[in-house]
Amino acid sequence: MSARTIAVTGTSRGIGAEIAVELAKRGLLVGCLSRGGGYPEGHLELSPEVKARLLPIQCDVTDEAMLAAAFKSLSVQTGGVDGLVNNAGIHREVKALSMSAAEFEEVMRTNATAVLMACREVHPYLHARGRGFIINIGSFFDKLGVKGSIAYSASKAAVGAITRGLAAEWGRNGISVVMLAPGYIETDINRAYLADPVTGKFVKSRTFTGRAGQVNEVARFVAALLVEDIS
Ligand code: NDP
């Protein structure tokens, strides 16, 4: 059987970069969708075999045409697409009284609308296989009230709703759709926030492990789901 192909969005850095590399290390072909169109950063140590399984494709997830072209390109390069990890996301810290509709919609567009559009655009490829697995990266902020994070929390709650709706619509056709909602994971999105001593103390006291999570912990969890092929 030929290697399975998974598309991952937002692979330039952070959690997405780590997911892409972890999947490639485990033998999967990985479409690395990023705005820059390059390889995941911070992995100079990769062997030529692993690097050859990383297939960079330029794609801004807010652009439906780019999403469609990215999945087409990946399918042409590898012979099909078996799964998708919707990882790309942004956070903008703005409090309600100063938030414009444009600021709210930018976050919703990137974190929620793009997830639905990517699922819609990848569906024909999964359908052609007769099965598929989609992992949408949500967040524990989806059910929290956090000052300055209203748009982000709303967008991640929408990811939950989108995931449940797609699971209901596609589950009987062999396409599984799940959401993975991490807690604090140390990346660019929150590095300054986590470095603050007050926040650091809060995270230490309120997490089961006493620390923020690391990107490789999320990546290994995602890889375990995809390699196990439970769809
Ligand atoms: P980072 O800021 O480190 O990385 C975000 C990634 O998303 C970058 O690769 C960025 O690309 C990409 N991205 C943003 N907008 C777009 C776009 N329009 N098109 C394509 N790519 C885009 O964040 P994390 O790695 O921490 O976050 C990854 C996901 O995990 C997000 O969905 C986030 O909400 C979620 N998450 C993170 C948590 C955390 O504590 N870190 C906790 C829970 C969930 P570029 O380099 O081009 O900007």
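The values are calculated or read from the model by the stated rules, or taken from the named source; none is laboratory data. The structure displayed is predicted, hence computed values, not measured ones. Cβ placement follows ideal geometry from the backbone for every residue including glycine, while neighbour counts extend to all protein chains displayed.
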* Given (1) assigned to a strand (DSSP E or B); (2) farther than 22 Å from LEU180 by Cβ, where does VAL50 come up short, assuming only one miss? -> (1)
* To do: Would you check which residues across segment 126-162 are polar (S, T, N, Q) and touching a residue at least 40 places away in the same chain (Cβ under 8 Å) and list them?
  => ASN136, SER139, SER149, SER155
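Residues are listed down the side, and each one gets a yes or a no for (1) surrounded by 14 or more Cβ atoms within 10 Å (Cβ to Cβ); (2) of a type in the set (S, T, N, Q); (3) within 10 Å of the ligand (Cβ to nearest atom):
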residue: HIS127; (1), (2), (3): yes, no, no
residue: ILE134; (1), (2), (3): yes, no, no
residue: PHE141; (1), (2), (3): yes, no, yes
residue: SER155; (1), (2), (3): yes, yes, yes
residue: ILE162; (1), (2), (3): yes, no, no
residue: GLU169; (1), (2), (3): no, no, no
residue: ASN190; (1), (2), (3): yes, yes, yes
* To do: Kindly list, by first and then second residue, each pair from a residue in segment 206-224 that is part of a loop (DSSP other than H, G, I, E, B) to a residue that is among the polar types (S, T, N, Q), limited to pairs with Cβ atoms under 9 Å and residues at least 6 apart or on different chains.
  => ALA212/ASN190
* Could you grab the pairs with beta carbons closer than 6 Å, sequence gap of 6+ or different chains, first residue in segment 110-123 and charged (D, E, K, R), second one surrounded by fewer than 20 Cβ atoms within 10 Å (Cβ to Cβ)? => GLU121/ALA68
* To do: Please state which one of ASP60, ASP82 is among the charged types (D, E, K, R) and under 15 Å from the mean Cα position of the chain (by Cα).
  => ASP60
* To do: Kindly check whether there is at least one residue in segment 211-220 that is surrounded by 15 or more Cβ atoms within 10 Å (Cβ to Cβ), within 23 Å of VAL8 (Cα to Cα) and β-branched (Val, Ile, Thr).
  => yes
* **Count of residues meeting criterion [part of a loop (DSSP other than H, G, I, E, B) and either buried (at least 17 other Cβ atoms within 10 Å of the Cβ) or not hydrophobic (A, V, I, L, M, F, W, C) (or both)] in segment 1-45** => 19
* Quick check, is VAL203 more than 20 Å from the chain's Cα centre (by Cα), within 15 Å of the ligand (Cβ to nearest atom), buried (at least 18 other Cβ atoms within 10 Å of the Cβ) and of a type in the set (A, V, I, L, M)? -> yes
* Structure fact -> Residue count, segment 14-52, condition basic (Lys, Arg) and within 26 Å of ARG120 (Cβ to Cβ), comes to 1
* To do: Provide a single number: the residues in segment 1-47 that are among the charged types (D, E, K, R) and away from the ligand (no atom under 16 Å from the Cβ).
  => 4
* Unique match (being crowded, with 17+ Cβ neighbours inside 10 Å and at pLDDT 95 or above) among PRO56, PRO48 -> PRO56
* Which of (1) more than 21 Å from ALA70 (Cβ to Cβ); (2) in a loop (DSSP other than H, G, I, E, B) does ALA102 not meet, given it meets every other one? -> (2)
* To do: Only residues that are small (Gly, Ala, Ser) and more than 20 Å from THR110 (Cβ to Cβ): list them for segment 150-191, please.
  => ALA167, ALA168, GLY171, GLY174, SER176, GLY183
* If you go through segment 171-186, how many residues are in a loop (DSSP other than H, G, I, E, B) and either surrounded by fewer than 15 Cβ atoms within 10 Å (Cβ to Cβ) or out of contact with any Asp or Glu (no Cβ under 9 Å at 6 or more places or on another chain) (or both)? -> 4
* Asked: Got at least one residue in segment 51-69 being more than 9 Å from the ligand (Cβ to nearest atom), over 28 Å from ILE230 (Cα atoms) and hydroxyl-bearing (Ser, Thr, Tyr)?
  -> no
